[in-house]
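Notes to accompany the following structure.
A short reminder: the numbers here are calculations on the coordinates, not readings from a lab. Just so we're clear, the structure is a prediction, and the values are computed from it rather than from any experiment. Backbone-built Cβ (ideal geometry, glycine too); neighbour counts: all protein chains shown.
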Amino acid sequence: MERREGSLDRIGERVRQALLADPYANEEIRLGRTEFLEEVGRRNAVPSRRSLARSRGARWLGLAFVTSLAASAAGLWIWTRPVSFQVGEARPGQLGDVIEPLVGTSTPLHFSEGSTVVLHDGARMRVLSLETGAARVLVESGVIDATIAHRKTGKTRWDFEAGPFRVTVTGTKFQMAYYPGDQSFRLATEEGQVVVSGGCQKTPKTVSAGEKLELSCLPKEAPSPWTGVESKPEVSLPAVEAAPFSGRAPRGESWRELLAAGRLSEGLHAAERGNFERVCQAATTKELLALADAARLSGRNGPAFAALRTLRRRFPGSMDGATAAFMLGRMAFERQHAYVEAATWFETYLKEQPAGPLMGDSFGRLMEARLRSGDRSGARANAEQYLRRFPEGPYASEARGILSR
């Protein structure tokens, strides 16, 4: 009997050490856990010889209860521990950070509970919130692949927001694409099912395994402006007759032909090998946006700013000119941290295109830029406007956070 009691004592001690060493418990939980274990230890202390026989059965019952309770508690703490994610193979992910692959590459995100999201070339997203079994992801543009781990205990709910669309996931595998320029949305489900709501749909749509959904919320009679925010493979840029300058690449392909073929990086290099300033004077609005996008994704701010400012100067009042203002605001915000300048550009877009396809994103970014520049009253005013227009929009939680301060 003594040997069996010694074994139980060792098991109890191991349980005690495991609970005390849990790295995910906060100080309050650790303190309560310690007091609980001390109380168990006092109640199960070796009794006097007179009460040994009488209390031996109670000790067995107590140890069994504690072991069962500890196992249940350990299981609970495992399922409620914080969820984290990693960008690529080594970089810890941070909530709210912009995630964007390098040109010509894809970037995987690995979540600690088993889910993965892969961003393809040209995609851009942020993880807005993350907790056990739930997450909120903002897909700003491009194509992503998602595999969401389904929890065996408790509920799983991930929300992917893309412009006016919301994809609710409870554990599945799917691919989605969103392009803000023409508000087009595509989704293909490989496993499980998702629910797509918002946008131009009157009612939510369930997309099950093997099914696809394609939507575009621009009026059919309106042109589909390409914002240059992402590289959309099916876009074909129009050629301009009698172009005064071609800037030919060594293989005989001009910068214009390369851009039209979707080879933006090569088109940018061809333009620079000639005379970039002259190219910008000859390019169409779409070509200027493409050159700016290629430069931005390559991390080269100079050519990007030059193309966008030339577009603004040559085509004042155009929709693409307003899109250039939006892109200038993004670059000022993200690349230069010039938040006052960024706010000015986002406000410019809203003045020039008050009902444009980037209106909602401009409102949200204007609010963020004003907050970071120290203009709290301006940020609060923008937050109130945003919530009135987009109560469930991608920036709604940020707006509520600003108003709650």
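Some values worked out for this structure:
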item	result
Highest to lowest packing among 192-200, 206-214, 165-173, 358-366, scored as the average C-beta count within 10 Å	358-366, 165-173, 192-200, 206-214
Packing-based exposure ordering (other Cβ within 10 Å, fewest first) of VAL279, VAL340, VAL139	VAL340, VAL139, VAL279
Karplus-derived HN-Hα couplings along the range 192-203 (A = 6.51, B = -1.76, C = 1.60, θ = phi - 60°), whole Hz, x at Gly and Pro	x, 7, 10, 10, 9, 9, x, x, 8, 7, 7, 9
All-pairs Cα distance distribution in the range 85-216, expressed in whole percent, bin size 10 Å	13, 47, 34, 6, 0
ARG389 paired with LYS152, simple spin-label distance in nm, labels 7 Å along Cα-to-beta-carbon	4.8 nm
Filter on LYS152/LYS202; LYS202/LYS351; LYS205/LYS351; LYS205/LYS286; LYS173/LYS286; LYS152/LYS212 - keep pairs with C-alpha separation over 31 Å	LYS152/LYS202; LYS205/LYS351; LYS205/LYS286; LYS173/LYS286
Cα gyration tensor category, rounded, prolate or oblate, for the range 255-403 with a/c compared to 1.5	prolate
Euclidean distance between Cα centres, the range 130-186 to the range 311-358, Å	28 Å
